[in-house]
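Colleague: Before I ask anything, let me first share the structure, which is written out below as C-alpha cells.
The values are calculated or read from the model by the stated rules, or taken from the named source; none is laboratory data. These numbers were taken from a predicted model, which means no experiment stands behind them. Virtual Cβ from ideal backbone geometry, glycine too; neighbours counted across all protein chains shown. Side chains are part of the model used for accessible areas, which takes the heavy atoms of the whole protein and leaves out ligands, DNA and RNA. Shrake-Rupley method; radii C 1.70, N 1.55, O 1.52, S 1.80 Å.
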Amino acid sequence: MTLLERPTRSRAAAGAKLSFLAALALLFSMPDGGLAQAEPRHGLSIFGELKYPPDFKHFDYVNPDAPKGGRIVTMGTGDVNTFDSFNQFIVKGDAAQDLDLLFDSLMVRAQDEPDAVYGLVAQTADVAPDRMSVTFKLRPEAKFSDGTQITADDLVYTLSLLKSMATRPQYSQPLHDVVKAEALDPETVRYTFQGKLVRDLPILIAQLPVLSKAYYTANPYDETSLKPPLGSGPYRIKTFNSGSSITYERRNDYWAKDLPVNKGRFNFDEVRLDYYRDRTIELETLKSGNFDFREEFSSLGWATQYDIPAVRDGRLIKALLPDRRPSGAQGYFINTRRDKFKDPRVRAALDLVFDFEWSNKKLFYGLYSRTTSYFENSDMKAEGLPSPQELALLDPYKDKLPPEVFGEPYTPPVTDGSGNNRANLKKARDLLISAGWKPDAEGKLRNAKGEQLSIEFLDFEAQFERITLPYVENLKRIGIDANWRLVDPAQYQQRLKSFDFDVTTQRFSLGLTPGVDMRAFLSCEAAKAQGSFNLAGICDPVVDALTDKVIAAKSRAELTTATHALDRVLRAGHYWVPHWYKPFYSVAYWNKFSHPAVQPKYDSGVLDTWWFDAKKAADLNSGKPEPQKASQTTPNSTQQPVKQ
C-alpha cells in the first residue's frame with residue numbers, strides 16, 4: 001500500500017511487506033489446463049517453467065562476489081513511525097519493520113520472475129497430482145539461530161499459530177483453505193488443502209515464515225513483546241531503542257549463507273532503521289550524514305529540498321530506480337460500513353470534487369500520473385469495452401451490477417488544472433441531492449433526519465494537509481461539513497484496525513499474480529475482520545465471486561480476463577477516490593555503496609543486493625567522492641508507502 005507519498009505498511013515486509021501474500025501457484029500445466037507437478041522439484045511457479053535450473057549458482061541480479069561488511073542506516077517507514085513489538089504477525093501492537101530479516105521460509109522469491117520461488121529451508125516441493133496437497137522435504141542442515149534443527153514439527157506449529165485468532169488477517173485469511181500440516185518424518189512436512197481455489201496455496205505456504213515451536217511454546221505468541229524472537233534468517237536483532245531505532249546484525253553462522261538463493265545477498269554487517277515522526281527532521285538528518293539512505297515519498301520534497309552542495313558534487317546521490325511492479329491502489333478510501341457512505345452516488349460525488357490535475361500541477365510538480373485502476377500500471381487493468389471473455393464472467397450477475405460495468409470502465413473526471421472545478425462540483429452536488437441529501441436554507445446538505453453530511457479525513461502526517469485541505473474546501477463549497485483530522489500515529493493505527501474513520505488515505509498493492517492475497521483487501525470476510533486491509537468495507541457477493549475467478553485462473557490469459565472483469569466492478573463501486581502513482585523509487589543515498597549492474601526487476605534491491613563500498617566510503621570521508629550522475633530512469637510501476 002502506498003499513498004500519495006507516505007510510507008505505509010507496504011515496505012514489506014516493509015511495514016507489511018506481505019511477501020508471502022503476493023499471489024502465486026504451481027508449476028506445470030496439465031492437458032486440461034490444471035496446475036500440477038509430477039515429481040519433487042527445486043522450485044515452484046504459477047503459469048510456466050522456472051527460469052533457474054536445479055543446478056543454478058545464484059540469481060542473475062546479484063553480484064555473487066559482493067564483499068560483506070559495513071552498515072547501512074536508513075529510515076523506518078509506516079503508518080506509525082515507531083514500534084512497540086517484535087511480533088509482526090499479530091493484531092496487537094505496532095511491529096518494527098524488516099523483521100522478516102530474522103526468519104527463513106521454505107522457499108524464497110526470485111525477484112526477476114513474477115511468481116517463482118526456489119528452495120531455502122526446503123530442498124524440494126512435491127505438489128500432488130490432484131493439487132490438494134504439497135509436500136516439502138527439508139534440508140537437514142537448516143537451523144535456528146540457537147543451533148537447533150528446523151524440523152517438520154516447527155512447520156506444523158507455525159501453521160497453527162498463523163491460522164489463530166491472534167494473527168493479522170492478511171496472514172491468516174489466505175490460509176483458510178489449508179486444512180492441516182502434518183509431519184511425515186522430522187524432515188518432511190505435508191500441507192493438505194480443501195475447496196476448489198487451491199492454485200496459490202503451495203507457493204503461499206512456501207513463503208510463510210518458519211517459527212520455532214520451542215520458542216513460541218515458552219513465549220506467548222499472542223502478546224506484544226520487545227524480546228528478540230528466535231529466528232533462522234540471515235540477521236538477528238543486535239540493539240534497539242524502543243520506538244526509535246533498531247539494528248540488525250548479519251549472522252556469520254547463518255546456516256544458508258552459501259545456498260544459491262542467498263549468494264550475493266545480505267551483504268551489510270549491520271542494517272539500522274531510525275524512526276522519525278517528523279519528515280523534515282528525517283530529511284535534515286539525511287543531509288547531515290547521520291543516516292545513509294532515504295526513499296522520498298513527497299513530490300514537494302523531491303523537487304525542492306535536495307538542492308544542496310552534497311547532491312551537486314555527487315556525495316549524496318539522488319536517483320530514480322525503476323519500479324516495475326503494479327502500482328496498486330492509492331487513494332482516499334471511503335468507509336462504506338457507515339450508513340452515509342452506503343449509496344454509491346455519494347461516493348461518486350466525492351470523486352467528482354477532487355481535482356487531481358490542479359494538485360499535480362500546483363503541489364506535485366507534475367511528478368505523478370492519475371491512478372484509475374486497482375491494477376494500475378499492469379496488463380491486469382481494464383480498458384475499453386468488455387471482451388466476450390469478460391462478458392462471460394459478468395453476464396451472470398447482470399441484474400446485480402450497474403449498467404456502466406458493461407461499458408467503458410469508470411475513469412475519474414479530468415479538469416484543466418486551473419482550479420476552476422465548478423462543473424464537477426455541480427455534478428457532485430446533483431448526485432448527492434439525488435441520493436437524498438437536500439440543501440437547507442444555507443445550502444448545507446442534510447438527510448431526512450436533518451443531519452448534515454459530514455466527512456472527516458483521518459491522517460497522522462502533517463504534510464498531507466497541503467493535499468487534503470483544498471479538497472476539504474471544495475467539499476464545503478457544495479454543502480458538506482468536511483474536515484481534516486490529524487492524530488498521533490498510535491491512535492491512527494488503532495482507529496484503522498477498528499475501522500473508526502470516515503475516509504483515510506492508504507495505498508494497497510497486489511502481487512504480479514494476484515491470488516488468495518486479494519481476499520485480505522476485497523472480501524466480505526475481511527470487511528468484518530478487525531485489523532484487515534479492507535478499509536473501504538467492500539462486501540459484495542459479485543466481488544467475492546470474481547475474486548474467486550482470479551484465484552482459480554489456470555493460465556495468465558484467464559487471470560487477466562478475470563482481473564479486467566473485477567476491476568470494472570470495483571471501479572463502478574466508487575469505494576475510493578483514486579490518487580496517483582509513479583513508476584520508480586525516488587531515493588537519495590550517500591555515495592558509499594555499490595550495487596549489481598542489474599537491478600531486480602520487481603524490487604529495488606537495496607537491502608537485498610547492495611553492498612558497502614570501502615573505497616567509496618574512504619573517498620567520501622576524505623571529501624573526494626567518485627563523481628556520479630543522478631539516475632533519471634523512468635520505468636513502469638509502484639506497494640507501498642503513500643506518495644504525496
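Colleague: Of the residues that sit in segment 223-239 and are part of a strand (DSSP E or B) and within 24 Å of the chain's Cα centre (by Cα), which one is surrounded by the most Cβ atoms within 10 Å (Cβ to Cβ)?
Modeller: The extreme case among them is Tyr235.
Colleague: Here is a further query. Inside segment 253-292, can you point out the residues that are in a loop (DSSP other than H, G, I, E, B) and β-branched (Val, Ile, Thr)?
Modeller: Val261
Colleague: Any residue at all in segment 451-471 that's outside any strand (DSSP E or B), modelled with pLDDT of 95 or more, open to solvent by 60 Å² or more (accessible area, probe 1.4 Å) and farther than 27 Å from Trp358 by Cα?
Modeller: yes
Colleague: Show me the strands (runs of 3 or more DSSP E) found entirely inside segment 114-199 where at least 2 residues are β-branched (Val, Ile, Thr).
Modeller: Ranges flagged: 122-127, 133-138, 178-185, 188-193.
Colleague: Now for a different question. Scan segment 417-429 for residues that are part of a helix (DSSP H, G or I), among the small types (Gly, Ala, Ser) and exposed (fewer than 13 other Cβ atoms within 10 Å of the Cβ) and report the count.
Modeller: So the answer is 1.
Colleague: Among the residues of segment 99-110, write down those that are open to solvent by less than 10 Å² (accessible area, probe 1.4 Å) and in a loop (DSSP other than H, G, I, E, B).
Modeller: Once the filter is applied, which keeps residues that are open to solvent by less than 10 Å² (accessible area, probe 1.4 Å) and in a loop (DSSP other than H, G, I, E, B), segment 99-110 yields Asp104, Leu106, Ala110.
Colleague: Restricted to segment 241-252, and to residues that are assigned to a loop (DSSP other than H, G, I, E, B) and among the small types (Gly, Ala, Ser), which residue is surrounded by the fewest Cβ atoms within 10 Å (Cβ to Cβ)?
Modeller: Ser242
Colleague: Scanning segment 112-150 for residues that are more than 26 Å from Glu249 (Cβ to Cβ) and of a type in the set (S, T, N, Q), which turns out most open to solvent (accessible area, probe 1.4 Å)?
Modeller: The qualifying residue most open to solvent (accessible area, probe 1.4 Å) is Gln123.
Colleague: Shifting gears a bit: Checking the condition crowded, with 17+ Cβ neighbours inside 10 Å, modelled with pLDDT under 95 and touching a Pro at 6+ places or on another chain (Cβ under 9 Å), which residue from Arg279, Arg324, Arg315 passes?
Modeller: Arg324
Colleague: Moving to a separate point now. Looking at Leu393, Leu432, which one is open to solvent by less than 10 Å² (accessible area, probe 1.4 Å) and not polar (S, T, N, Q)?
Modeller: Leu432
Colleague: Is there any pair linking a residue in segment 56-77 that is farther than 18 Å from Val271 by Cα and assigned to a loop (DSSP other than H, G, I, E, B) to one that is polar (S, T, N, Q) and open to solvent by less than 10 Å² (accessible area, probe 1.4 Å), with Cβ under 6 Å and at least six apart or on different chains, and which?
Modeller: What qualifies is Val62/Thr609.
Colleague: Looking at (1) open to solvent by 20 Å² or more (accessible area, probe 1.4 Å); (2) modelled with pLDDT of 95 or more, which is the only condition Arg568 fails?
Modeller: (1)
Colleague: Mind checking whether some residue in segment 400-416 is of a type in the set (Val, Ile, Thr), open to solvent by 70 Å² or more (accessible area, probe 1.4 Å), within 28 Å of Leu522 (Cα to Cα) and in a loop (DSSP other than H, G, I, E, B)?
Modeller: The answer is yes, given that some residue of segment 400-416 is of a type in the set (Val, Ile, Thr), open to solvent by 70 Å² or more (accessible area, probe 1.4 Å), within 28 Å of Leu522 (Cα to Cα) and in a loop (DSSP other than H, G, I, E, B).
Colleague: Can you tell me which condition Thr411 does not meet? The list is (1) under 28 Å from the mean Cα position of the chain (by Cα); (2) over 20 Å from Asp343 (Cα atoms); (3) hydroxyl-bearing (Ser, Thr, Tyr), and all the others hold.
Modeller: Thr411 satisfies all of (1) under 28 Å from the mean Cα position of the chain (by Cα); (2) over 20 Å from Asp343 (Cα atoms); (3) hydroxyl-bearing (Ser, Thr, Tyr) except (2).
Colleague: Could you tell me whether Phe406 is out of contact with any helix residue (DSSP H, G or I) (no Cβ under 6 Å at 6 or more places or on another chain), over 22 Å from Gly573 (Cα atoms) and aromatic (Phe, Trp, Tyr)?
Modeller: For Phe406, the condition - out of contact with any helix residue (DSSP H, G or I) (no Cβ under 6 Å at 6 or more places or on another chain), over 22 Å from Gly573 (Cα atoms) and aromatic (Phe, Trp, Tyr) - is not met.
Colleague: Separate question: Scan segment 534-541 and give yes if some residue there is surrounded by fewer than 21 Cβ atoms within 10 Å (Cβ to Cβ) and farther than 21 Å from Asp343 by Cα, otherwise no.
Modeller: no
Colleague: In addition: Just to be sure, is Arg485 basic (Lys, Arg), under 22 Å from Arg338 (Cβ atoms) and touching a Leu at 6+ places or on another chain (Cβ under 7 Å)?
Modeller: yes
Colleague: Out of Leu431, Leu469, Leu475, report the one residue that is farther than 20 Å from Lys342 by Cα and aliphatic (A, V, I, L, M).
Modeller: Leu469 is the lone residue from the list that is farther than 20 Å from Lys342 by Cα and aliphatic (A, V, I, L, M).
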